[in-house]
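Inspection log for the structure reproduced underneath, given as structure tokens.
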Number of protein chains: 4
Amino acid sequence: MRNTILIHCPDQSGIISAITGFIHNKGGNVVYLDQHVDEELGVFFMRLESEFSKNAIVFSKFKEEFELKLAIPYEMQWSIHPGNLKPRMAIFVSKYNHCLYDLLSRYKSGELEVDIPFILSNHEDTKHIAEQFEIPFYFIPVTKESKGEAEMKQLELLKSHKTDFIVLARYMQIISSKIIDHFPNKIINIHHSFLPAFAGAKPYHAAFARGVKIIGATSHYVTEALDAGPIIEQDVTMVSHSHRVKDFIAKGRDLEKIVLSRAVQLHVNRKTMVYNNKTVIFS
Amino acid sequence: MRNTILIHCPDQSGIISAITGFIHNKGGNVVYLDQHVDEELGVFFMRLESEFSKNAIVFSKFKEEFELKLAIPYEMQWSIHPGNLKPRMAIFVSKYNHCLYDLLSRYKSGELEVDIPFILSNHEDTKHIAEQFEIPFYFIPVTKESKGEAEMKQLELLKSHKTDFIVLARYMQIISSKIIDHFPNKIINIHHSFLPAFAGAKPYHAAFARGVKIIGATSHYVTEALDAGPIIEQDVTMVSHSHRVKDFIAKGRDLEKIVLSRAVQLHVNRKTMVYNNKTVIFS
Amino acid sequence: MRNTILIHCPDQSGIISAITGFIHNKGGNVVYLDQHVDEELGVFFMRLESEFSKNAIVFSKFKEEFELKLAIPYEMQWSIHPGNLKPRMAIFVSKYNHCLYDLLSRYKSGELEVDIPFILSNHEDTKHIAEQFEIPFYFIPVTKESKGEAEMKQLELLKSHKTDFIVLARYMQIISSKIIDHFPNKIINIHHSFLPAFAGAKPYHAAFARGVKIIGATSHYVTEALDAGPIIEQDVTMVSHSHRVKDFIAKGRDLEKIVLSRAVQLHVNRKTMVYNNKTVIFS
Amino acid sequence: MRNTILIHCPDQSGIISAITGFIHNKGGNVVYLDQHVDEELGVFFMRLESEFSKNAIVFSKFKEEFELKLAIPYEMQWSIHPGNLKPRMAIFVSKYNHCLYDLLSRYKSGELEVDIPFILSNHEDTKHIAEQFEIPFYFIPVTKESKGEAEMKQLELLKSHKTDFIVLARYMQIISSKIIDHFPNKIINIHHSFLPAFAGAKPYHAAFARGVKIIGATSHYVTEALDAGPIIEQDVTMVSHSHRVKDFIAKGRDLEKIVLSRAVQLHVNRKTMVYNNKTVIFS
């Protein structure tokens, strides 16, 4: 069985050998190890995949000992993820469907190893797509007045479906702390600019007005500060004076879906860690 | 002889055939034509290279007729540039020398077809490079108090050397309107970020603090609004959590010199037009 | 009404003014013009969009006069395409479905302005996708023995559905001249390498074996020479030693679908011309 | 003091903890560790930077013990590189000077931490550049007849100047095994195509003839098979039908110098390992 372990803790001498020695002694083989030290902050990060023969570890006992012998003495924040568990990914979407189509196609063809308990929208435009891909669809409209109530319904849905994380596939409503607090660093948004440029509404219009020669897309974890959460992935494409706003939007669609799906894959494969409003992205 | 003609005017029907017909009637052959219409503003832009047998045109007469038959009736802003004239390019630089080295290497190897009347700096660090490439070097220090006086000296130098345009090759002083007014859309700066993100001082530090996954460089014409002039060229490169500020700076150096030299080449080849604080870049 | 005119002919003086003058005299307004001269071969290419008020031209008469006054004297190959016609695009696919999903999603969301008369496959794996998107699906298996017969069936389908062009969305059979002759420069393939590197079968395996640091995808018109037709679009992405063949394949999927869809869009928008086994791609 | 250790050996369980435990026991702190397992070949690669307080290790004793306790039992190929040693880099060049200028500029500004004992050329065109940068220049012409003799002289120069590695900065002569055998994986070439496409002479002409939409550059270690050695770094740039061969060459120059300098930096920083005619490139 393969496990992925994620660790961060204060940087200190001997830590790698302590961890890899522990795994080795438990009969595990380290098949992948990536580590990062933030030298300014003195923080150590590690991602480690290890293979155990089936009988070699009793899972709960392994966790207990890891906690005692490593996590406590080294002051670690850590988590372990068995390789055979598919995370449950809810999708929130408004009217634009390109990211939704892209995620669902990857899901159907087995490229994206998740379960999708439901799709939620504040509009009914994408209902037929949910049906086409045979995924439950919930329509929860949001107005200024109904926002609080709508979020209560969203939370209930997320809980009753045992959702692990949320993808905002061009969901055009601001997510409030009511939801964020339950899914810290577990809500992935796609913003259609190379942040921090053009945060907020209508980034393609703003990019056009400024006359930039590149446009971009940014996928990030949602925090309470709008478009200011930890960046997971970014990419850009060239534009020219001959492109109008509608051309920016068309070129941007491809960027958005590629950047979002890369970010989702990184999250699903436990290759992201968040610290100090930034991400460490393991390769 | 080859000429380049640049035109902008209100968009109107029949304009392309009027211009190309005029050239044809004067014995010229259009070897390159690129045109752009800003449909929102209703403005027409054209760049046209035409070849004339040597005797075919008397230059001043051509200009006179063009003015009468085309420029006035169509309300054109236009200019004509004989292909055999090398523009005179002054370089301003402070302490960082990578852009300077890059420009001078291109100049020496014939890649960049300009004359370089002089290099000016507010420091003496690059003096030996100017000497190495045998180009006059002027040291004009700038302090808060001496800024006005320094600019007077700069202007004199620029005039006495018949300077056509100025390249700020990492010149770390703000250029005031005193200089800009004499060189409108003729001062090219390189800023070490993908503008409009991280305008102002220390963009690599700001990019690091924000945790971006791409860094960039932007070359633009200098206007009175800091880092807000018309963008000529931009490019980016990927970074990761493993890069520190000094790595951003190192990666950025290559971006800066490539982006700046592309912008300078575009300017030298008359492939840029400025309108509404944006550029039209011909191919 | 907007028309697109494509022209190539021997390069000669005065041609642009002749064409634009003709359009102007017919009451048309040139809204876009792009031209290219292959100076070695002495060939002139032009793409021209012009707007006519509805009554201004009688279409057949316009064509007749263009032929007489321009096409014959200038020895032009030319074609005119009214802006309101959707081309009919057949899709051939084998087992991989990512390009198929991508094309169909773009089609359904209105991004790709074509009609799709049918999807054809030599396997049944993608039948459910055709059904999901409500497009007729034909299953025509191909074996060494049945190849001739299969192609006859394909041709019949293509004809009876009035197909304008064919997209090979990862169709893993070689297209023979029997089909190509009926669709010259009208069959678009996606090959999963940056051609001419790694032509033929299993390019990702070959790229892995060679240890390249970039992989690519190439969309081209199909000719009888395998993977050697005129290239429409290419793009690449970075890989490293840490990627295995399956990672190349996964990264390649995104490249393939983006590159193929860009090529299809260029073809649909009449922005491609073929000459001398190369393409001219208008912007 | 900081050391870099490079290791490859058969993959086996417990190896990371053995190595990191050894370093820890010797009083060292692992500040960077990157590892790679080629699962098909069963080979383990590691790059490890460790910091020792000055008195902590006697260098020769460290090596002896490492050999006994790790290298022999684990069948390692390994090397250790003290951080304060500048490698000695000879430059071979023919007539094109853009890569030479670029390397020398980086050297002079402290960006490239090497010593440059000499520049060697089969032409005299770049002699003035060597003088300009105050580096010894040797002119060794090469003809079919004199090739053997020329190589003897080259070898003598390389030895007498205690050269560590060689950069072929657009040196247009084939390097024979006479030289390669003395500098295995220590000769870095820049080839002006995205290999394996367009190996051999005149790649830009071949790329133009094929009508590609991207051109590239490849830096690789020189082996006896022409342009077929382990690839260190590649990059590409977009081209179009409007670019002629001379435009490919101009765009290529920037690619070549950037790609070559990146490869040289990787080599200088001991971030490359060669195995099975491929490279492992540490981050």
Query raised in the report: Somewhere in segment D:2-16, is a residue under 30 Å from B:ASP254 (Cβ atoms) and surrounded by fewer than 15 Cβ atoms within 10 Å (Cβ to Cβ)?
Result: no
Requested in this report: Mind counting the residues in segment A:104-150 that are within 23 Å of A:ARG270 (Cα to Cα) and of a type outside the set (Lys, Arg)?
Outcome: 14
Requested in this report: Kindly provide the set of residues from segment D:42-100 that are open to solvent by less than 10 Å² (accessible area, probe 1.4 Å) and of a type in the set (S, T, N, Q), ordered by number.
Outcome: D:SER50, D:SER94
Query raised in the report: Can you name the residue in segment B:139-162 that is in a loop (DSSP other than H, G, I, E, B) and on the phi < 0 side of the Ramachandran plot and is also least open to solvent (accessible area, probe 1.4 Å) among such residues?
Result: B:ILE140
Report summary line: For segment B:13-32, pairs from a residue that is more than 8 Å from chain C (Cβ to nearest Cβ) to a residue that is modelled with pLDDT under 90 and open to solvent by 30 Å² or more (accessible area, probe 1.4 Å), with Cβ under 6 Å and 6 or more apart or across chains, are B:GLY27/B:ALA56
Requested in this report: Kindly provide the set of residues from segment A:232-270 that are in contact with a helix residue (DSSP H, G or I) (Cβ under 8 Å, 6 or more places away or on another chain), away from chain B (no Cβ under 11 Å) and among the basic types (Lys, Arg), ordered by number.
Outcome: A:ARG253, A:LYS257
Report summary line: Being touching a strand residue (DSSP E or B) at 6+ places or on another chain (Cβ under 7 Å), in a loop (DSSP other than H, G, I, E, B) and in contact (Cβ under 8 Å) with a residue 40 or more places away in the chain narrows D:ASN189, D:ASN185 down to just D:ASN185
**Report entry** Condition check for D:THR218: within 21 Å of D:HIS98 (Cβ to Cβ), among the β-branched types (Val, Ile, Thr), touching a residue at least 40 places away in the same chain (Cβ under 8 Å) and part of a strand (DSSP E or B)
**Finding:** yes
**Report entry** C:ALA207 vs. criteria out of contact with any Leu (no Cβ under 8 Å at 6 or more places or on another chain) and in the same structural domain as C:MET273 (by TED's automatic domain parsing)
**Finding:** yes
Query raised in the report: In this structure, is B:LEU168 over 30 Å from B:PHE52 (Cα atoms) and touching a Pro at 6+ places or on another chain (Cβ under 9 Å)?
Result: no
Query raised in the report: Hey, any hits in segment A:147-170 for a residue that's within 24 Å of B:VAL236 (Cβ to Cβ) and of a type in the set (D, E, K, R)?
Result: yes
Report task. Taking only segment D:6-32 into account, find how many residues are farther than 30 Å from C:LYS246 by Cα and not in a helix (DSSP H, G or I). Result -> 6
Query raised in the report: Of all residues in segment D:235-283, which are among the polar types (S, T, N, Q), out of contact with any strand residue (DSSP E or B) (no Cβ under 7 Å at 6 or more places or on another chain) and under 17 Å from D:PHE165 (Cβ atoms)?
Result: D:SER261, D:GLN265, D:ASN269
Report task. Check whether at least one residue in segment A:232-239 is touching a Ser or Thr at 6+ places or on another chain (Cβ under 8 Å) and over 24 Å from A:PHE45 (Cβ atoms), and report yes or no. Result -> no
Query - Within segment C:26-74, tally of residues that are hydroxyl-bearing (Ser, Thr, Tyr) and out of contact with any strand residue (DSSP E or B) (no Cβ under 8 Å at 6 or more places or on another chain) - result: 2
Query - Number of the condition not met by A:PHE208 [criteria: (1) within 14 Å of chain B (Cβ to nearest Cβ); (2) open to solvent by less than 10 Å² (accessible area, probe 1.4 Å); (3) over 17 Å from the mean Cα position of the chain (by Cα)] - result: (2)
Query raised in the report: So which strands (runs of 3 or more DSSP E) stay within segment A:222-283 end to end and still have 3 or more residues that are at pLDDT 95 or above, among the β-branched types (Val, Ile, Thr) and buried (at least 19 other Cβ atoms within 10 Å of the Cβ)?
Result: A:231-238, A:278-281
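The values are calculated or read from the model by the stated rules, or taken from the named source; none is laboratory data. The model shown is predicted, which means the values in this text are computed figures rather than measured ones. In this analysis, Cβ positions are derived from the backbone assuming ideal geometry, glycine residues included, and neighbour counts consider all displayed protein chains. Note: areas computed on protein heavy atoms with side chains; ligands, DNA, RNA excluded. Shrake-Rupley method; radii C 1.70, N 1.55, O 1.52, S 1.80 Å.
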